[in-house]
Amino acid sequence: MTMEKIPEPPSDAPAIRVMTMPRDTNAEGTIFGGVILSALDQAGYIEAKRQADHKYVTVQMDGVVFKKPVYMGDVLALYAETTRIGRTSIHIKVRVMAERRAGHGAVVPVTEGEVVYVALDADGRPTEIVPSA
Ligand SMILES: CC(C)(COP(=O)(O)OP(=O)(O)OC[C@H]1O[C@@H](n2cnc3c(N)ncnc32)[C@H](O)[C@@H]1OP(=O)(O)O)[C@@H](O)C(=O)NCCC(=O)NCCS
């Protein structure tokens, strides 16, 4: 029997965990990339709100890589880390780990990417980010 090397998940707590369901699958039977992107966006948003409590919109996603497939029933853990705070924008790196349903506890890095959010004022204009105390 071959033993796959299982990478250690990041030590910090995930921004979110998501249970994948039959409705999340693509025509191949694995999890649709758009579902993972949606979760990536949510995790980044939660991290942005943690840094500074503003209204945000997503302006860009950078370097998204789907490294391994996600299977129905896997639980996704999304780890979010702030990499840059500009005047009105904030960059969040998100790493997605799949806790395999049928993997005897295996945890596999499946997707990563960076999401850029812009803070908006009440009129919908970019506004200066004021970090939470
Ligand atoms: C986000 C939005 C308000 C920015 O408008 P804008 O006219 O480009 O604003 P500005 O030129 O003042 O730039 C604001 C900030 O966004 C950053 N920015 C703008 N476009 C960017 C891009 N493509 N990638 C990364 N950052 C970008 C700027 O660098 C600036 O950051 P800084 O203040 O930290 O230096 C506008 O593009 C928008 O409304 N987009 C739609 C957002 C949306 O609806 N998202 C939901 C998903 S579809």
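Filtering segment 46-57 for residues that are β-branched (Val, Ile, Thr) and within 19 Å of PRO126 (Cα to Cα) leaves a non-empty set.
For segment 71-101, the candidate set comprises residues that are assigned to a loop (DSSP other than H, G, I, E, B) and either under 14 Å from the mean Cα position of the chain (by Cα) or not β-branched (Val, Ile, Thr) (or both); within that set, the residue that is farthest from MET19 (Cα to Cα) is ARG87. Of all the residues in segment 35-54, those that are within 11 Å of the ligand (Cβ to nearest atom) and surrounded by fewer than 16 Cβ atoms within 10 Å (Cβ to Cβ) number 1.
Is it fair to say GLN60 is within 18 Å of the chain's Cα centre (by Cα), of a type in the set (S, T, N, Q), within 16 Å of the ligand (Cβ to nearest atom) and loosely packed, with under 13 Cβ neighbours inside 10 Å? Yes, satisfied. In segment 71-122, the qualifying residues are those that are away from the ligand (no atom under 16 Å from the Cβ) and β-branched (Val, Ile, Thr), and the one that is surrounded by the fewest Cβ atoms within 10 Å (Cβ to Cβ) is VAL75.
The criterion of being of a type in the set (Gly, Ala, Ser), assigned to a loop (DSSP other than H, G, I, E, B) and closer than 24 Å to SER38 by Cβ does not hold for GLY105.
Read-outs: derived from the displayed coordinates by stated rules, not from any lab. Please read all numbers here as calculations on a predicted model, not as lab measurements. No Cβ is skipped: glycine too gets one built from the backbone with ideal geometry, and neighbour counts run over all protein chains shown.
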